[in-house]
Each structure stands twice: as C-alpha cells, then as structure tokens.
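The values are calculated or read from the model by the stated rules, or taken from the named source; none is laboratory data. Quick caveat: nothing in here was measured; it's all calculated off a predicted structure. Cβ placement follows ideal geometry from the backbone for every residue including glycine, while neighbour counts extend to all protein chains displayed. The protein model used for the area step is the full one, side chains on, heavy atoms only, and it has no ligands, DNA or RNA in it. Shrake-Rupley method; radii C 1.70, N 1.55, O 1.52, S 1.80 Å.
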Amino acid sequence: MPENTETKPAEAAAPPAGPAAAGQKPPAKKPTESKPRVEPDKMRRRLIWTCIWGYLGVNFLMFLRFFFPRALFEPKTVFSIGYPSDFGLGVDTKFQREYRIWVDRVPGRLFVIYARCTHLGCTPDWKPAENKFKCPCHGSGYDNEAINFEGPAPRPMDRAHVELDATGQIIVDTNRLYVRDLKAGRDEFDNPGAYLPA
Ligand code: FES
C-alpha cells in the first residue's frame, strides 16, 4: 500500500505559537540565584592557616605564662603586732589569717600561739563561748592557753618567739617556736622569748 505523504494544508500553514508569533523576542532567561561557591582549595588553605595561627597563639600564651610562675607567697615570719597595751586579757584572733597566730594574754604574761594543731597540722578554731580551741579535722581540743586536753593531739600548740623592739612594739618570729612535749622531756614555755611579762 502506498504511504500517505500528503500533509494537511491546514497543519503546514499553522503559524508558530508564542511571542515569536507576535514578532517579539523571547524573554531573556533570568540567571538562577546561587550562593557563591568556595572552592575546595580555598577552604583547605583557610583551614591550614587557622591551625597555624591557633598553634602560634597557644605558644604565645604559654610564653607569657612563663613570666607568671605559680609561686606561693608565704606570710612574713618576722613582724610587728603592736604594743603590749593593745591586747586585753584573753585570746586575740586578729592576726590569724595574715600570720597564723593568736595573741594570748593571761594574768602576768603575754605570748603568741602558733595556730597549728600538733596532731596533723590543721588550723584549729577559737571558740570563745567554750573558752577553748577546737580542731575541725579530728576533734582535738585545747584550753585557752592552747594546752591539749581532748582528742588525738599529742601536746600543746607551740608558741612563737616574742620580744620588744626599741619603740616598745612586740616583734614576733614564727621561725623560732617553743615546744612543750613532756613525753620527749622538752618544756620551753618558760624560756626567755616564749612570752613577755605583762
Ligand atoms: S589535725 Fe587537729 S586533730 Fe588532727
């Protein structure tokens, strides 16, 4: 059978649809909006520089730290605490924080107690209501002259060296301690320098 190659005249003459048909140019395509692409090479370079600057920064901080050593500043061991008349009868705790001492005045003498428990070295608390020192660590108790009477403390608390300077002020030296340890046959509480007559 012969193929029908005839084109319908209506189809062949059909004008193109759309703006072209009206003699207009087709609208320009809008560029699609996209985020600026960071190239992988750029990213890698940025990361490497961040690491380098971070490393240098840490090293610089460590270098600065070198000028601020972790030093413990010990309190002075020889110092003045004022005149004997500045102290009334009883225990004065105003130098405890600064110098770890208490000034104790009893009828006839003034002495300085080094605030260190003779059991394991904690700092006891002065309990004015109970007229005694009490160690918070293991419960040792000391009377108002720092003589032990309860708990594991083996002996009274030590006393620091005291003397008067040329102006009559009390100079304390906590490097020179007077000890009462009767088991060891040692009793230095009446030695010159262990107290001031007052
Ligand atoms: S240290 Fe004071 S009782 Fe143990």
Problem - Accessible surface of the stretch 117-198, 1.4 Å probe, proportion on carbon and sulfur as whole % - result: 48 percent
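From the mean inverse distance of alpha carbon pairs (Kirkwood) and the Cα radius of gyration, derive Rg over Rh for the stretch 33-184. Don't jump to the answer; show the numbers that get you there.
Working: Rg = 28.4 Å, Rh = 19.7 Å.
Result: Rg/Rh = 1.44.
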Practice task
Starting at the first residue of the stretch 139-144, write each ³J(HN,Hα) from the Karplus equation 6.51 cos²θ - 1.76 cosθ + 1.60 with θ = phi - 60°, in whole Hz, x for Gly and Pro.
Solution key: x, 5, x, 10, 6, 5
Practice task
Quick one: which residues, 5 or more positions from E163 or on another chain, have an amide H under 5 Å from its amide H? H modelled 1.01 Å from N in the peptide plane, none for Pro or chain starts.
Solution key: I171
Practice task
Return a whole-number percent for the relative contact order of the stretch 78-197, with Cα pairs under 8 Å and 6 or more residues apart as the contact set.
Solution key: 23 percent
Fill in the blank from the handout: Pseudo-spin-label distance E98 to E188, built 7 Å along Cα→Cβ, given in nm, is 2.5 nm
Practice task
Highest first, please rank the peptides 53-60, 113-120 by the mean number of other Cβ atoms sitting within 10 Å of their residues.
Solution key: 113-120, 53-60
Problem - Accessible area expressed per residue, the stretch 136-190, with surrounding protein chains retained (probe 1.4 Å, Å²) - result: 50 Å²
Exercise for the section: Would you please give the residues with an amide H less than 5 Å from that of I101, counting only those at least 5 places away or on a separate chain, with H modeled from the backbone geometry? Expected result: Q96, A115
Exercise for the section: Sequence neighbours fewer than 8 away in the same chain don't count; with that in mind, list the aspartates and glutamates whose C-alpha is under 17 Å from K94. Expected result: D86, D104, D125, E145, D173
Exercise for the section: For the stretch 81-98, just list the computed ³J(HN,Hα) in residue order, Karplus coefficients 6.51, -1.76 and 1.60, θ = phi - 60°, integers in Hz, with x standing in for Gly and Pro. Expected result: 10, x, 8, x, 6, 6, 10, x, 5, x, 9, 10, 9, 5, 9, 4, 5, 7
Problem - Residues in the stretch 162-198 reached by a label modelled at V106 [backbone nitrogen below 17 Å; 7 Å Cα→Cβ] - result: 162, 178-182, 187-198
Practice task
Would you pull out the residues with amide H under 5 Å of G82's amide H, same chain only if 5 or more places away, H placed 1.01 Å from N?
Solution key: I170
